[in-house]
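A quick write-up on the structure given underneath.
FYI, it's all coordinate maths here, none of it is from the lab. Remember, predicted model here, so these are calculated numbers, not experimental data. Reconstructed Cβ throughout: ideal geometry from the backbone, glycine too, with neighbour counts over all protein chains shown.
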Amino acid sequence: MNKMLQTHPLHLYEILSRVASSLSINDLASCASVSQDWNDSFTPPLYNSVILSEYGPSIEAVEKNKHLIRRLVIRKSAYQKLSRHEVVSTVLAISTLTTLNLSSNNIRFHAQALSEALKTNSTLATLELRGNKFEDDAAQALSEALKTNSTLATLDLTCNTIGDNGAQALSEALRTNSALITLKLGDNNIGDKGAVALFEALKTNSTLATLDLGENSIGDYGAQALAEVLKTNSTLATLDLRGYNNARDGEDDWGYNKIGDDGAQALSEALKTNSTLATLNLGNNKIWDDGALALSEALNTNSTLVTLDLKDNHIEDYGAQALAEALKINSTLALSEALKTNTNLATLDLEGNKIGDDGAQALSESLKANINLTVEW
């Protein structure tokens, strides 16, 4: 009987590990303090993902168990207690670390040291640096690391103050880097000059699949340069060029993306032949009827675009006009005609435009013919 009740240590470890996978951080900490066996089972998942803050584990505990850490978030309250050497050299030397989040820590002046550490790091796959007041010099430092780093797949530089010079430096890195898959540069100060440099790099880069340039200062010239690249690029799948989405009616949105009909028309030509782009966000720009009409023509032949965001532009509906006349001039109706034959588009966002009764009716008709499509207006 006693033999039947005995459990092999390896089996016990397996059981405890499975239990650990469903527990909260606080419960894991409690279980780890029960006994040495339980500590061995519950400590690894406890330190698999760590948030270092005034409420989290102590710096000493993190140091002791750093060999278990795969994902590390350092909040401002904890970052201020660490030296630059501890953050850059010690943290990036953790051999198991694959994700590091240093967002909102105001580490602008640590960018060079961070870059030097990244040049030799061989495990980090995701680096989040949102809201750190990085300017062009920080982007230039990081770009040097990207030229040699072979493991970083995601770099998030959203909500900084990187301008054209920083974007140009990053573009140089993209020409040789073969690891980066996602680059987020939304809410910076990148204009057409910097955007064109990034787009030119995509002619030779063969790995980048997601590029976020939303809420920058890109206009028609940048969109036209992008269009030329999209005609030949075969890796980019997600592209975000949204404008400023928090401006109230009448509020100045100077300094944010303002892609108009010329840019939309150029992009539509590229979409006719591009076979990889699945998501395109052009929301909160300056696209009117002509641009929407051009995009609708591209949808007749494009077979890969799944999500198209055109919310909060200037697409109008002439409501009272007869359907036949509206089809000649109204971009919303033209879009609905294209959607009757396009079977791959799954999401079309037209919220915040000026679509009236006739436009709504036309879109409703398109939905009857295309059961896979979701339209918001």
Tell me, what ³J(HN,Hα) does each residue in the stretch 134-144 have, in order and in whole Hz, if you take phi through Karplus 6.51 cos²θ - 1.76 cosθ + 1.60 with θ = phi - 60° and put x for Gly and Pro?
5, 10, 4, 5, 5, 5, 5, 5, 5, 5, 5
Projected label distance in nm at residue 137 and residue 301, using a 7 Å step from Cα toward the beta-carbon:
4.9 nm
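Can you check what the net charge comes to around residue 106, using other residues whose Cβ is under 9 Å from the Cβ of residue 106 (Lys, Arg +1; Asp, Glu -1)?
Values: positive: 76, 108, 133; negative: none.
In short, +3.
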How large is ³J(HN,Hα) for each residue in the stretch 265-282, as worked out from phi by the Karplus curve 6.51 cos²θ - 1.76 cosθ + 1.60 (θ = phi - 60°), to whole Hz, x for Gly and Pro?
5, 5, 5, 5, 5, 5, 5, 5, 10, 5, 10, 10, 5, 10, 10, 10, 10, 10
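Based on the mean of other beta carbon atoms within 10 Å per residue, what is the order of 200-206, 220-226, most packed first? Don't skip to the answer; put the middle values down first.
Values: 200-206: 16.0, 220-226: 22.6.
My ranking of the peptides, most packed first, is 220-226, 200-206.
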So for each of 135-147, 98-110 I average, over its residues, the number of other beta carbons within 10 Å; can you give me the resulting order with the highest mean first?
135-147, 98-110
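Over 23 Å between Cα atoms: which of 147/272; 193/231; 64/184; 147/231; 76/119; 147/203 fall into that group?
Details: 147/272 33 Å; 193/231 20 Å; 64/184 33 Å; 147/231 26 Å; 76/119 25 Å; 147/203 17 Å.
Violating the 23 Å Cα-Cα cut-off are 147/272; 64/184; 147/231; 76/119.
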Please arrange 64, 184, 193 by how many other C-beta atoms lie within 10 Å of their C-beta, fewest to most.
64, 193, 184
Calc'd 3J(HN,Hα), the stretch 171-176, phi into Karplus 6.51 cos²θ - 1.76 cosθ + 1.60 (θ = phi - 60°), Hz, glycine/Pro = x, comes to 5, 5, 5, 5, 5, 10
Cut-off 10 Å between beta-carbons: net charge of the residues surrounding residue 182, Lys and Arg +1, Asp and Glu -1
-1
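Could you compute the net charge surrounding residue 90? Neighbours are other residues with a C-beta less than 9 Å from the C-beta of residue 90; K and R count +1, D and E count -1. Don't skip to the end; give the middle numbers.
Values: positive: 66; negative: 63, 86.
For residues surrounding residue 90, the net value is -1.
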